[in-house]
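The values are calculated or read from the model by the stated rules, or taken from the named source; none is laboratory data. Because the structure is predicted, anything quoted here is derived from the model rather than measured. We place every Cβ from the backbone using ideal geometry, glycine too, and count neighbours over all the protein chains shown. The accessibility values were calculated without ligands, DNA or RNA, using every heavy atom of the protein model including side chains. Shrake-Rupley method; radii C 1.70, N 1.55, O 1.52, S 1.80 Å.
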Amino acid sequence: MNYKKLYIETLGCAMNVRDSEHMIAELNKKEPYELTEKLDDADLIIINTCSVREKPVSKLFSEIGVFKKYKKASAKIGVTGCTASHLGKDIIKRAPSVDFVLGARNVSKLSKVIDVRHSVEVDIDHDDSTYAFGEYRTNPFKAMVNISMGCDKSCTYCIVPATRGDEVSIPSDLILNEIKKAVDRGAKEIMLLGQNVNNYGKYFTSEQQKCNFTQLLQKISAIEGLERIRFTSPHPLHMDDEFLEEFASNPKICKQIHVPLQSGSTSLLKEMKRGYSKAWFLNRCEKIRRLSPEATISTDIIVGFPNESDEDFEDTMDVLNQVRFEQLFSFKYSARPHTTAATYENQISNEIASARLTKLQARHTEIIDEIMDAQMDKTHKVYFDELKPNGRVSGRSDDGKLFFVEGSEDLLGKIVPVLVTKTSRGALHGVLS
Ligand code: SAH
Ligand code: SF4
Ligand code: F3S
């Protein structure tokens, strides 16, 4: 059969990756599409955008120009995701070759907008019909599952509440059903998604049995056949003892946790409206290390936030040195529309922000090299989920480290002990043991 072809580019976070899967499922409900990586082959081109920083947004319009040039004359272009939410119809004004614009909270309306030229759907309402996500999964061995939408925080640098709207928790029975289905189809691992996963249960759109994140984790871990639970992102403010104890003691919860710092300076954290101090952050990480010594901690850090002094930055370096994060996602502050920090005086120069970023990343590189080198001759249980070129298979250890071994598709979907024989900064190489 001759299927129509979809070229889809996904930028941004795991939520966008899941939204792309959802859009593919929505399309397939209407008529089957096949994915293509060749632009000039595509009947439909979707750019699922991110607007958390300015750079990808400015690249969007040059990219649309390239797509317009190389696409088939009949092919449609759709802009979806967070930039679609915040720029809305202005995208079509600036780039009339775009056929439709679909906001991050509206991805389930894809089949509605696809045939209506220049349609724009960017409401950030509470539409319960958007809860049930489609059946399409990029990787059958591990499934992403949304547990909430939107964000109820107002971190002063962040555009996400404006693009994804208010926070709403998805009813737990829907979540459990979705996970059971994924497990029946071969997934041993799930990744729970939300901007604030550990704030789960605060807001439901209808009468729901009360259930907080810890209770949700307990219900999920009772699912037979499910072996590994991951989640992203939790918020340091909501990391209460009950949650950290569940994290440590529940064997199905992978011992990998993202604790997004943003800044180590208590006064900057206040200006960011993060709701915690340097001392609270360190206390939570110390508790994680004490309860789960095998756990890895990753973080997000912004440098060059307005008013960031050398002392503020040294506080951030101090937290890095104390916690020794196994993974660091670090960014220069980028002023965003719809945010209060964009109006602050004393924006930091690009030169200073770049120098701080370089210093932070260089120190982290030293830390990560030490951590990875220490893995030599250790054994980890690896869940293999991807076939790689040249007879290799990749997977992750419980604590999130990327592994490569020589092997075949027989390994896919299996959890196997692996002895580390070679280390590098980004991944470990090993043999089955
Ligand atoms: N809900 C998550 C963050 C989602 S956005 C949390 O609270 O941790 C992902 C990351 O992008 C943030 O953690 C932050 O480090 C970064 N980020 C967000 N807005 C930014 C901005 N204006 N400039 C630079 N980085 C930003
Ligand atoms: Fe943005 Fe803060 Fe919400 Fe995270 S918690 S999405 S950083 S507003
Ligand atoms: Fe980007 Fe939207 Fe995710 S702004 S980081 S795609 S929530």
List every residue pair whose Cβ atoms sit under 6 Å apart, with the two residues 6 or more apart in sequence or on different chains, where the first one lies in segment 196-209 and is part of a loop (DSSP other than H, G, I, E, B) and the second, anywhere, is open to solvent by 90 Å² or more (accessible area, probe 1.4 Å). Thr205/His126
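Does Glu34 satisfy the condition of being part of a helix (DSSP H, G or I) and open to solvent by 10 Å² or more (accessible area, probe 1.4 Å)?
Working: part of a helix (DSSP H, G or I): no; open to solvent by 10 Å² or more (accessible area, probe 1.4 Å): yes.
The answer is no for Glu34.
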Is there a residue being outside the structural domain of His238 (by TED's automatic domain parsing), open to solvent by less than 40 Å² (accessible area, probe 1.4 Å) and closer than 23 Å to Ile229 by Cβ anywhere in segment 304-313? no
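Which one of these is touching a Ser or Thr at 6+ places or on another chain (Cβ under 8 Å), open to solvent by 50 Å² or more (accessible area, probe 1.4 Å), under 26 Å from Ala341 (Cβ atoms) and more than 16 Å from ligand 2 (Cβ to nearest atom): Lys29, Lys55, Lys59, Lys68? Walk me through how you get there before you give the answer.
Numbers: Lys29 fails: under 26 Å from Ala341 (Cβ atoms); Lys59 fails: touching a Ser or Thr at 6+ places or on another chain (Cβ under 8 Å); Lys68 fails: under 26 Å from Ala341 (Cβ atoms).
That would be Lys55, the only listed residue that is touching a Ser or Thr at 6+ places or on another chain (Cβ under 8 Å), open to solvent by 50 Å² or more (accessible area, probe 1.4 Å), under 26 Å from Ala341 (Cβ atoms) and more than 16 Å from ligand 2 (Cβ to nearest atom).
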Considering only segment 329-353, how many residues are surrounded by fewer than 21 Cβ atoms within 10 Å (Cβ to Cβ), away from ligand 2 (no atom under 16 Å from the Cβ) and of a type in the set (A, V, I, L, M)? 2
Exactly one of (1) of a type outside the set (Lys, Arg); (2) within 16 Å of ligand 1 (Cβ to nearest atom); (3) under 30 Å from Val183 (Cα atoms) is unmet by Pro251. Its number? (2)
Filtering segment 387-423 down to residues that are crowded, with 16+ Cβ neighbours inside 10 Å and of a type in the set (Asp, Glu), which residue is farthest from Gly225 (Cα to Cα)? Asp399
Could you list, ordered by first residue, the pairs with Cβ atoms under 8 Å in which the first is in segment 273-300 and within 20 Å of Ile368 (Cβ to Cβ) and not assigned by TED's automatic domain parsing to the domain that holds Lys401 and the second is among the aromatic types (Phe, Trp, Tyr) and away from ligand 3 (no atom under 16 Å from the Cβ), at least 6 apart or interchain? Ile288/Phe247; Ser292/Phe247; Ala295/Phe247; Ile297/Phe325; Ser298/Phe325; Thr299/Phe325
